[in-house]
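J.: Handing you a structure now.
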Amino acid sequence: MCEGRSTNFARDAVVPTSKSRPKPPEATEPAAAKSEIKFYRPESYQRSESVGWMMHKLKSSITRQVGLRLQDAGLTHAQWVPLMMLRHGGACSTAQLVRELDVDAGAFTRLLDRLEAKGLIQRERSEQDRRVVLLALSDEGLRLTTDLQTVLSDVLNAHLSGFSHAEWRLLLSLLQRMIDNGEALMEASGAARAGRSFPLCDDADSED
């Protein structure tokens with residue numbers, strides 16, 4: 001968790017927080033029956049009907065359109081995502097961001113150095129543990145992410161063209177249910193604890 005706030009920033013601010021999360025529609029069939037439904041079968045699998053493939057294409061389109069809008073600012077997708085994480089989650093250590101974004105620690109550290117050189121982030125001491133150094137947005141980073149939220153809103157609205165408000169809320173609800181299912185699978189398999197290692201640990205976030 002980032003210091004001072006929850007880090008439930010659902011990947012580029014697409015999914016609302018728990019306070020604003022829409023309630024899923026009422027079930028029309030018993031839960032036991034729904035859990036047995038197999039939507040995909042090897043013998044009839046079609047990539048065009050794959051939820052994963054469709055979400056991949058959608059994410060690529062959103063990322064591409066945001067990138068075009070941010071060319072003048074000189075920001076890439078890899079750079080603006082952690083900036084938005086810091087805006088919505090508050091100050092974080094490098095290790096916390098690495099875990100949340102599931103990225104390579106070495107490459108991510110170099111990326112953060114570039115953001116600091118641009119004057120978009122700054123390092124500060126944790127109020128809870130003075131040995132720990134946290135990353136936070138600078139005044140310029142705060143200004144830039146304010147503009148970025150306008151860009152994200154415009155791009156997302158364009159991709160939702162023709163949707164009703166009810167359809168948008170339903171889409172958010174269905175996506176959140178899939179995210180919850182994925183997190184449950186991760187917890188059950190133990191992958192969150194043992195599936196991968198993170199080279200950046202506490203000593204990488206503190207200074208002598």
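The values are calculated or read from the model by the stated rules, or taken from the named source; none is laboratory data. Owing to the predicted nature of the structure, the values given are computational and were not obtained by experimental measurement. Positions of Cβ are generated from backbone atoms using ideal geometry, with glycine treated the same way; all protein chains shown enter the neighbour counts.
J.: Every residue in region 107-133 that is at pLDDT below 90 and farther than 14 Å from ALA78 by Cα, please.
T.: Within region 107-133, ARG123, GLU124, ARG125, SER126, GLU127, GLN128, ASP129, ARG130, ARG131, VAL132, VAL133 meet the criteria.
J.: Evaluate the following for ARG169: is it at pLDDT 95 or above and among the basic types (Lys, Arg)?
T.: yes
J.: In region 70-90, which residues are more than 19 Å from LEU134 (Cβ to Cβ) and modelled with pLDDT of 90 or more?
T.: Selection gives TRP80 alone.
J.: Can you list the helices (runs of 4 or more DSSP H) lying wholly within region 88-171 that have 2 or more residues being in contact (Cβ under 8 Å) with a residue 40 or more places away in the chain and in contact with a strand residue (DSSP E or B) (Cβ under 7 Å, 6 or more places away or on another chain)?
T.: 139-159
J.: Separate question: Determine, yes or no, whether GLY90 is under 25 Å from SER153 (Cβ atoms), touching an Asp or Glu at 6+ places or on another chain (Cβ under 8 Å) and not hydroxyl-bearing (Ser, Thr, Tyr).
T.: Yes.
J.: Restricting attention to region 66-87, and to residues there that are part of a helix (DSSP H, G or I) and not hydrophobic (A, V, I, L, M, F, W, C), which single residue is farthest from the chain's Cα centre (by Cα)?
T.: Applying the first criterion (part of a helix (DSSP H, G or I)) to region 66-87 yields 66-69, 77-87.
The next check asks that each one be not hydrophobic (A, V, I, L, M, F, W, C); those that pass are 67, 69, 77, 79, 82, 87.
Details: GLY67: 16, ARG69: 20, HIS77: 12, GLN79: 13, PRO82: 9, ARG87: 12 Å.
Only one residue fits best here, namely ARG69.
J.: Give all pairs with beta carbons closer than 8 Å in which a residue from region 66-77 that is closer than 14 Å to ASP154 by Cβ meets a residue that is among the aromatic types (Phe, Trp, Tyr) and modelled with pLDDT of 85 or more; count only pairs at least 6 apart in sequence or on separate chains.
T.: Within 8 Å, the pairs are VAL66/TRP80; LEU70/TRP80.
J.: Checking the conditions here, which among SER93, SER164 is at pLDDT 95 or above and either over 27 Å from SER60 (Cβ atoms) or exposed (fewer than 13 other Cβ atoms within 10 Å of the Cβ) (or both)?
T.: Result: SER164 is the single residue among SER93, SER164 that is at pLDDT 95 or above and either over 27 Å from SER60 (Cβ atoms) or exposed (fewer than 13 other Cβ atoms within 10 Å of the Cβ) (or both).
J.: Here is a list of conditions, (1) crowded, with 18+ Cβ neighbours inside 10 Å; (2) of a type in the set (A, V, I, L, M, F, W, C); (3) out of contact with any Leu (no Cβ under 8 Å at 6 or more places or on another chain), and ALA158 meets all of them except one; can you say which number that is?
T.: (1)
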